[in-house]
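The numbers here are math on the coordinates, done by the rules we state, and not lab data. As the structure is a computational prediction, the values presented were derived from the model and not from experiment. Methodologically, a virtual Cβ is constructed for each residue, glycine included, from the backbone with ideal geometry; neighbour enumeration extends over all protein chains shown.
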């Protein structure tokens, strides 16, 4: 995770303090007033199941968590809405064009070394395309909720899969 030492506006050294009208310690430039908020970054993805109830997952090709399986997801780009990001990431990673059918949930994640993340997961249906590993995914596959791979990357993806099992499956 990147950690500012100097102000990106005036190059003065940042100091840790509680800015006026705030409650949290933040890095602040005492020369120009810049405050580094270090807020989470949105990531968005899809929860897709097939006619047999299996869940679509992708195996990570690059760090962090190489070889770990995740729901098709990625970081939101500038000018993009969360639903647009989820659809784009699904297409890039799996070759499938999907349609959002609803919001599953949003998850706090603190285990990605690149940044703090809020993961927004949508339910989606496949509308076209051919399943293939693409972009930063080494492999894609369908998995039954009770036969998931041993290595699920990132706590937010684990939370989403656990929630699906507990909340959305008929007992």
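Sort the following peptides by mean Cβ neighbour count (other Cβ atoms within 10 Å, averaged over residues), highest first: 100-112, 58-70. Present the calculation step by step, with values, prior to reporting the outcome.
Details: 100-112: 14.8, 58-70: 16.7.
Ranked from most to least packed, the peptides come out as 58-70, 100-112.
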GNM result for the chain, Cα springs below 10 Å: residue of 72, 42, 19 fluctuating most strongly:
19
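Per DSSP H run of at least 4 residues, take -39500 (n - 2.57); add these up for the chain, divide by its residues and hand me the 222 nm value, nearest 500 deg cm²/dmol.
Details: 2 runs with 22 residues, N = 171.
It lands at -4000 deg cm²/dmol.
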Descending packing, highest mean Cβ count within 10 Å first, for 82-89, 159-166 is 82-89, 159-166
Counting only DSSP beta bridges with both residues in the chain, tell me the antiparallel percent, nearest 5.
80
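Taking the number of other C-beta atoms within 10 Å as the exposure measure, put 157, 144 in order starting with the fewest.
Going from sparsest to densest Cβ surroundings: 144, 157.
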Report the relative contact order of the chain, percent, no decimals, based on alpha-carbon pairs under 8 angstrom and at least 6 residues apart.
23
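Rounded to the nearest 0.05, what FRET efficiency is calculated for residue 23 and residue 155 with R0 set to 22 Å and r the Cβ-Cβ distance?
On the way: r = 26 Å, r/R0 = 1.16.
Step by step, r from the Cβ atoms, then E = 0.30.
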